[in-house]
1. Return a yes/no flag: does the stretch 74-91 have any residue that is hydrophobic (A, V, I, L, M, F, W, C), modelled with pLDDT of 90 or more, over 24 Å from Phe203 (Cα atoms) and in a loop (DSSP other than H, G, I, E, B).
2. Grab the strands (runs of 3 or more DSSP E) fully contained in the stretch 267-337, keeping just those with 3 or more residues being at pLDDT 90 or above.
3. Return the residues of the stretch 250-261 that are surrounded by 20 or more Cβ atoms within 10 Å (Cβ to Cβ) and either touching a helix residue (DSSP H, G or I) at 6+ places or on another chain (Cβ under 7 Å) or part of a strand (DSSP E or B) (or both); say none if nothing qualifies.
4. So which of Gly48, Gly97, Gly69 ends up being in the same structural domain as Leu143 (by TED's automatic domain parsing), under 21 Å from Asp155 (Cβ atoms) and surrounded by fewer than 21 Cβ atoms within 10 Å (Cβ to Cβ)?
5. If we keep just the residues of the stretch 208-265 that are β-branched (Val, Ile, Thr) and within 17 Å of Lys324 (Cα to Cα), which is farthest from the chain's Cα centre (by Cα)?
6. Among the numbered conditions (1) surrounded by 20 or more Cβ atoms within 10 Å (Cβ to Cβ); (2) part of a loop (DSSP other than H, G, I, E, B), tell me where Gly247 comes up short.
7. May I ask you to say which residue of Glu268, Glu307, Glu280 is under 14 Å from Ile226 (Cα atoms) and of a type in the set (Asp, Glu)?
8. So, Glu303, is that one closer than 16 Å to Gln217 by Cβ, in contact (Cβ under 8 Å) with a residue 60 or more places away in the chain and in the same structural domain as Gly225 (by TED's automatic domain parsing) or not?
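The values are calculated or read from the model by the stated rules, or taken from the named source; none is laboratory data. From a predicted model like this one, the values you see are computed outputs, not experimental measurements. Cβ coordinates were reconstructed from backbone atoms using ideal geometry, including for glycine residues, and neighbour counts include every protein chain displayed.
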Amino acid sequence: MAPRPRKTAPAKTGKAAAKPPAADAPRAPLPDRLDPVVVVPVKTLPPGRWLHECKLDGYRVLARIDANGVRLFARNQADWTSRLPALATALKKLPRGTWLDGVVTGDDTNTRTADYAGLSDAGDDAVYHVFDAPYLADEDLRLTSLDARKEKLRDAVAKLHAPRVRLVEPVGTANDDDKAMLAHACARGLEGIVSKDRDSAYFGMRSGTWVKRSCIQQESFLVLGIAPNQGTAKGFAIHVGHRSIGGLIIYDGLVSDGFSDEAIRRIEAHVAKHTAPTPELFLATGRKVAPKKYAGGVWGVPELVVEASFVRRVAGLLREGKFKGFRADMTAAELVR
């Protein structure tokens, strides 16, 4: 069975979590489901003992290894084993009773970002960058520290000898200036930095023990509809948004660049099949969006999730929105913020 999302607790980014017990990890049956730790976006790194890693632009994937073999799960519970057969084969050599957490990219390097549009078809070219092991060889490591889990994972990956299964190593040191580190990552063209509380346990919730700072602004959005011709090269643009916790449709503006012909056909087919009345849209402040902002659109049921980058927001709306790909690992129900 696939991992099932849990309700998340409010983010607490003001201080690091308490240090887990130092006792040896207990041996325990491997659970059928595992909820990944939620990475919380922050602008400033809170005080604490942090371990820093390069932020990879790919799909979050959990790997479960037991006596029946290997199964790979996306963050939305979808079973991706058949989509990543080469990785499943490589992971068979790991000890039974193991859950791994990591990111799959379509690149052959862990220092570049990967395009979402090509990741779902990466197949044998996919690379699994693993960064945590909540369970390893029948040991429940969730209450041990991140440093302890990382050390055990490092040994397991080294013994695996699988070129496309790679450990995400820390970058920098505890004494490095975190702002300078982020600036260096951005200068190298990386996605950003993920910082993790070195003493934190592993639990699938929004605890603030894992936080991220990004070099570029890139988010997931719901496709609300197709906009009138925006004068772009392909003459195609989409209205995008997301749902608020209160259930309102928050309008994020237009994405008008980066579309392939195939992406355009897929979006047009979705909107044509799921046509909807003109929606009532709101800004993040709760104020209604003036109808002239989105007049003339063709609207659809907001079920299709896409990834898009943008330069900045003005009055809550995207500027220079660029399509990056479809989020096959995310459902519309998850896109609430």
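1. Yes, there is a match, as at least one residue in the stretch 74-91 is hydrophobic (A, V, I, L, M, F, W, C), modelled with pLDDT of 90 or more, over 24 Å from Phe203 (Cα atoms) and in a loop (DSSP other than H, G, I, E, B).
2. On the way: elements: 305-310, 312-314, 317-319, 322-326.
Ranges flagged: 305-310, 322-326.
3. At the first step, the residues of the stretch 250-261 found to be surrounded by 20 or more Cβ atoms within 10 Å (Cβ to Cβ) are 250-256, 259.
Scanning the stretch 250-261 gives Ile250, Tyr251, Asp252, Gly253, Leu254, Val255.
4. On inspection, the qualifying residue turns out to be Gly97.
5. Of the stretch 208-265, the ones β-branched (Val, Ile, Thr) are 209, 211, 216, 223, 226, 232, 238, 240, 245, 249-250, 255, 264.
Checking which are within 17 Å of Lys324 (Cα to Cα) leaves us with 216, 223, 226, 232, 238, 240, 255, 264.
Values: Ile216: 14, Val223: 18, Ile226: 25, Thr232: 29, Ile238: 22, Val240: 19, Val255: 20, Ile264: 24 Å.
By that ranking, first place goes to Thr232.
6. Tallying (1) surrounded by 20 or more Cβ atoms within 10 Å (Cβ to Cβ); (2) part of a loop (DSSP other than H, G, I, E, B), Gly247 fails exactly one: (1).
7. It is Glu268.
8. Considered against the rule, which asks whether it is closer than 16 Å to Gln217 by Cβ, in contact (Cβ under 8 Å) with a residue 60 or more places away in the chain and in the same structural domain as Gly225 (by TED's automatic domain parsing), Glu303 comes out as no.
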